[in-house]
Amino acid sequence: MALSLRRKQLDVIVRMLHLNQQHLPNGGEGQGEEEAYKLLVMDPPCVSLLSPVLKVGDLRRHGVTLTLGIDRPRQAVADAPAVYLVRPTPSNVDRIAADAAAGLYASFHVNFSTSVPRPLLERLAAACAAAPPACAGRVARVADQYIDFVCLEEGLFTLAQPRAYIALNDPAAADADITSLIDAVALGLFCVFATLGVVPVIRCARGGPAEMVAAALDARLRDHLLAKPNLFTEAASAAVASFQRPVLCLFDRNFELSVGVQHDWSYRPLVHDVLGLKLNKLKLPAEKYELDDSDKFWVTNSWSPFPKVAEEIEAQLAKYKQDVDEVNQRTGGGSGVEFDGTDLFGNTRHLMNAVNSLPELTERKKMIDKHTNIATSLLGHIKERSLDGYCDCENDMLVNGTVDRNTLLSLLRGKGTKEDKLRLAVTYLLSFETPPSSELEQVEAALRESEVDMSAFQYVKRIKALNTQFAAASGTATKSNIVDWAEKLYGQSLSAVTAGVKNLLSDGRQLALTRTVDALIEGKPNPEVDDYLLFDPRAPRSGTGGQFKGPFREAIVFMIGGGNYIEYRSLMELEQRTQPSKHVIYGATEILSGAEFIHQLAELGQKAGLGGGSSNIPPGAAQ
């Protein structure tokens, strides 16, 4: 049975909403306490993790009549229980204790989104003990739920940890900050696997953040498995029965930079990149839309090229008009017709059918109007910025390994935002191992003519040169010198050095990520992954580690430093074409658009003293 992350996270949330009682099959229509209405109190991160899986109507079906923010002033509702879902932070713990002391609610069911440290638990207990006697009695339950991740859809999740790429590659980053971020990523992944109820086999390249996260997660899983029972005990029998565990493939964003900045012509990446899709929600100037698996048109067409989507909207509109006309013809009658009993019954039947079809027709019209508005907005940006030209030029470079110099330079000097031009130039830089120096100079000159901040371009240029030198170095002394130089110049970004130029540069027809994941799933000898590290938390601790390298039926692919919809689509295509079929889940510290990632590269370039002036690119909030 395929891993179902979203369904399992939803099961945990629903059980929590029913006061941590086992949820009943009939949708929570239980007896006693489950029937009581309740309030839900959350902090902003937990609002983000809840919103993609439960809508307002869903919450009401589970007895939640009011949703409140923990950081907002709230009135007392003394006769209702309150369910808290918050991250374990000192401020949240203090607020819960203050609410309990004030007797805001009849009972307090406290749920932390991840493991609560013992000092915070003691802080909550001490605060309740110091309050009036009734305070402690109001706290009915305190639970760790291990759901601190945002599941955007069945095969896609994010840890909602912004700016991880900058934090890991900042020249001024302190070791303690790096360690704290690595531990946070490892804890987020622990929550994912605790929710799934499986212990993975972990694979990653040597060196860099991927190995650091793998080691931290391996240690956390090993420590947890020492306790009996533990979060994985219930699922252990099923895993043994199937003789199968998933593989966790960890990657660092520097593994394949070009995917992070390139433009894409598919509907979903365009909506995310151009219109700012966040947490499956889209805000246009006049409307707000939800784009998730409840939207059949989105599910069917979101990976199609934009022109095909426009054609499909036209086809759906034509079909809708045809169906409306048929209903009108059946119910309208004809002039000069004398009705007898048979005709009366026939027309009554048609009228009833028409009435029954109205809700479905209304929903179809809403769907058509929604995607017509989205496509119209996209089309305006495409024309204004010549996005089709950027996509074609980048595709030629990344897939065909060719570039028309005149087209490239005209795009850099013509339409498009500064981000578009910078992304095209960085894609050019990463598509060719040794671009002609004269051509490179023309690209740089065109960027300066368009008043584009060069920090991101120069940063990638230096990283690429460093990779090339490191890959070419044959002697240990030479490599050591380059590593020393990298430490002085880039601080913590040694992952970019150890990744190797073959990964930094685009490989062509298939993403390097997809090709590598395919090899790791197959588990056969392969020069590209033979030196990848293997961590098996269930294996005895030894110098050699676990030996099981596949094949695997299920994989979780995680990108440290920011993922994107292009990689997600590529992994879905891998899942569909493999025989026997494999199941792949894609996750990242955050989901970034190309503009958001190019801003992070620009910020790193400025921190490294490359380029000049303040960045022209506004920072965006990622998912």
### Task
Note down the magnitude of the dipole of the range 124-276 about its Cα centre, charges +1 on Lys and Arg C-beta and -1 on Asp and Glu C-beta and zero elsewhere, to the nearest 20 debye.
480
#### Entry: Flagged links, alpha-carbon separation over 28 Å, of 321/370; 283/464; 366/582; 8/524
283/464; 366/582; 8/524
## Note on the structure
Env charge @ residue 443, Cβ radius under 12 Å, K,R +1 / D,E -1, value +1
#### Entry: Per-residue HN-Hα couplings for the range 166-173 [Karplus 6.51, -1.76, 1.60; θ = phi - 60°; Hz; x = Gly/Pro]
5, 4, 7, 10, 5, x, 9, 5
### Task
Tabulate in residue order the Karplus-calculated ³J(HN,Hα) for the range 148-155, using 6.51 cos²θ - 1.76 cosθ + 1.60 with θ = phi - 60°, rounded to whole Hz; enter x for Gly and Pro.
7, 7, 9, 9, 6, 7, 4, x
## Note on the structure
Spelling it out for residue 87: with amide H atoms placed in the peptide plane at 1.01 Å from N, the residues 5 or more places away or on another chain with amide H under 5 Å from its amide H are 43, 46, 113
### Query
Taking the highest mean first, how do the peptides 121-131, 45-55, 427-437 order by number of other beta carbon atoms within 10 angstrom per residue?
45-55, 427-437, 121-131
### Query
Counting only residues 5 or more places away or on other chains, whose amide H sits under 5 Å from the amide H of residue 587 once H atoms are built in the peptide plane?
157, 557, 558, 559
#### Entry: Highest-first arrangement of 306-312, 454-460, 84-90, where packing means the average Cβ count within 10 Å
454-460, 84-90, 306-312
## Note on the structure
If each part is reduced to its alpha-carbon centroid, the range 546-581 and the range 239-307 end up apart, in Å, by 15
### Query
Do any of 55/228; 308/421; 421/607; 308/549; 319/415 go past 30 Å between their Cα atoms, and which?
55/228; 308/549; 319/415
### Task
List every residue whose amide H lies under 5 Å from the amide H of residue 139, counting only residues 5 or more places away in sequence or on a different chain, with H placed 1.01 Å from N in the peptide plane.
108
### Query
Going by average Cβ neighbours within 10 Å, how do the peptides 529-541, 206-218, 588-600 rank, with the highest at the top?
588-600, 206-218, 529-541
### Query
Applying the Karplus parametrisation 6.51 cos²θ - 1.76 cosθ + 1.60 with θ = phi - 60° to the phi angles of the range 317-322, what ³J(HN,Hα) value in whole Hz is obtained for each residue in order, glycine and proline being reported as x?
5, 4, 5, 4, 4, 5
### Summary
From the Cα centre of the range 130-164 to that of the range 368-425, the distance in Å is 41
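A short reminder: the numbers here are calculations on the coordinates, not readings from a lab. Because the structure is predicted, anything quoted here is derived from the model rather than measured. Cβ sites come from the backbone with ideal geometry, for glycine too, and all protein chains shown count toward neighbours.
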